[in-house]
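Report on the following structure.
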Amino acid sequence: MTYSTPFRRFAFAFGTTFGVFYVVALAKDLALFTVFPSLGVVLAGTHHSRDVADPAVGFLAPAMYWYGWAATAALGALMVGLVAASLPGHSVRYVWPGWVWAIPALSMIACIYLTLPWFRL
């Protein structure tokens, strides 16, 4: 595999910002699409069963938002990664390399905090 500085900047920017965008997508419930696996249906955007029909429909046709949240975060991180790859090398010289591990770790803590109500802890 060849070493490429723009690819390295892209990978570090994508990996770092994916966690941030995932936390935002989870907190704001921003999914590019919603999957209803029991029905075999994929709908664009975030759709809750209680939005359309009786809340009991959520039991019969549970929705999966994770795929949509991950796609939202990946799309945002892709944009940031492409911008980072196109920047000249001297413009990113003063970015602290510790963000590569610190931001994903903080994102995991935020995701745990945001999902605690689902488990009623």
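Any read-out appearing in this document is the output of simple, stated calculations on the displayed coordinates, not a laboratory observation. What you see is a predicted model; the values in this text were computed from it and never measured. In this analysis, Cβ positions are derived from the backbone assuming ideal geometry, glycine residues included, and neighbour counts consider all displayed protein chains.
Structure notes:
- From the coordinates shown, semi-axes √(5λ) of the Cα gyration tensor in Å corresponds to which of [x] 36, 21, 13; [y] 23, 22, 14; [z] 35, 17, 10: [z]
- Chymotrypsin sites (Phe, Trp or Tyr not before Pro), loop per DSSP, at most 15 other Cβ atoms within 10 Å - longest free stretch of the chain: 4-93
- Ratio of Rg to Rh over region 65-107 (Cα coordinates, Kirkwood Rh, two decimals): 1.07
- In degrees, nearest ten, helix 5-28 long axis to first principal axis of the chain (Cα): 30
- Förster radius 35 Å - calculated FRET efficiency between Ile112 and Val83, Cβ distance, rounded to 0.05: 0.75
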